[in-house]
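Have a look at the structure below before the remarks.
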Amino acid sequence: MAYIDAENTFMKSVTLTTATTYSDTIDLGSKGPFVSPLKVDVKLTKKLTSGSVNSLTIQSASSGVFADEVKISVPASAPQTSKPCTLAQFHAPIKPGNRYIRMKVDATSPVGGEITATMQNGLTTEL
């Protein structure tokens, strides 16, 4: 069994310009993930000029309707306006049967930042 989405990338260098940003939808296939739990790695690859990313929510869809699975608050200590940084690394609560998933990013007045969010079997510490 394999993932349908080859990269498992929610966002790749997406510029944050609105208070709520949704990622692309990842198709895990009809049986869901074959490795559980999957790990989510979210990085600010370009610093924000102003504003902040406040939370990240993983959502899954059944019958075409997305529902929240987990919401992660970004630590206030993340240096979002001074340099690229890791916003969060966490286990995704995706279960077999949750075929379609996406990420919702909630921010306050974001200007100038770019975000990359991936899902993988192991976490990376590099930016």
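Structure data summary
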| read-out | value |
| --- | --- |
| Fewest-first ranking of 53, 65, 70, using other Cβ atoms within 10 Å as the exposure measure | 65, 70, 53 |
| Theoretical gain in end-to-end length, residue 24 to residue 120 [0.36 nm per residue, Cα-Cα removed] | 33.0 nm |
| Residue 67-residue 47 FRET efficiency (beta carbon distance; Förster radius 30 Å; 0.05 resolution) | 0.40 |
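Coordinate-derived values only; no laboratory data. All values derive from a computational prediction rather than experimental measurement. Positions of Cβ are backbone-derived with ideal geometry, glycine not excepted, and every protein chain shown enters the neighbour counts.
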